[in-house]
Amino acid sequence: MPPTDASADAAIAPAAELGPDTGPRPAAVASTDSEDTLDLRLPDDFIALFAGEAEAQRGSTGKAAGEARGDAPGEATGEYRGMAEVAAPVAPVASAGDDLLDRVGSWGSTATPVGVFHLVPVCLERDLPLITRWMNDPAVAAFWELAGPESVAEEHLRLQLDGDGRSVPCLGVLDGTPMSYWEIYRADLDLLARHYPARPHDTGVHLLIGGVANRGRGLGSALLRAVADHVLDKRPSCARVVAEPDLRNTPSVSAFLSAGFRFSAEVDLPDKRAALMVRDRALRDLL
């Protein structure tokens, strides 16, 4: 079960993902921020999506920056160069012409303080061995709970790739090198929405950093900020990017704060008490 945590300079930056919907869940703790406590009703089409698929899908979800296995810098760079132009297709969506995440695969690259970065939607045939190696790193497995043979990671990925497009698993490619795993998902259509006052088009992120050489030097924070702003640039209907790191994971929470997220509330999720972190479009130039 993946996580939502990001680490700044800690050795580990886990993330936390919601698992299967196994029963009633505690209600979210209200934020002291009045904007986040508005009693907003989700549109009927969002509710309908929940009803039909809540039990079938693991909400991809909630985490950002767990860290993974230590592959050598530069590993497997060749076939990923230029992937901004030749990205794998985005997962199928609910209906023709209705892309729930505005075609992540076509977002292209973005300049960051640490290099040129882009999100490449996962292709199982190409990426499964690499993602499996990352998930089997003990530091990652403790939070994502996806260690084991390739079939374990494959099942997790297929739930998203064969779904309706509300969650898109991606490799994070930095200067031509795949070095992180991301899940960009519709938080308002996810099981997470049962635990906080979701707004239409809220977009969530989960992240793990795949190489030991890339950990513990603030890379997670730099990429979190860049990706959150990239989401806001490419999804004009989205006003907030959210994440839910484990409240006990101080390095992860700190990384989100460094990336321009604000702490909004504590929420009780099935597997943890989480810090709801929010990056607001309206505040992006101030934080």
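Read-outs throughout are calculated quantities, based only on the coordinates presented, and are distinct from any laboratory measurement. Just so we're clear, the structure is a prediction, and the values are computed from it rather than from any experiment. Because the Cβ atoms are built from the backbone with ideal geometry, glycine has one as well, and the counts that use them run over all protein chains shown.
The table that follows gives values for the structure above.
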read-out: Per DSSP, loop trypsin sites (Lys or Arg not before Pro) in the range 184-287 with at most 14 further Cβ within 10 Å; value: Arg217, Arg248
read-out: Virtual spin-label span in nm between Ser151 and Arg248, 7 Å along Cα→Cβ; value: 3.1
read-out: Those residues of the range 151-178 whose amide nitrogen sits under 18 Å from the label point placed on Leu128, 7 Å along Cα→Cβ; value: 151-163, 169-171
read-out: Under-5 Å amide H pairs with Val116, H placed in peptide plane, nonlocal only; value: Asp175
read-out: Cα coordinate range in the range 104-168, projected on the principal axes (Å, largest first); value: 34, 30, 20
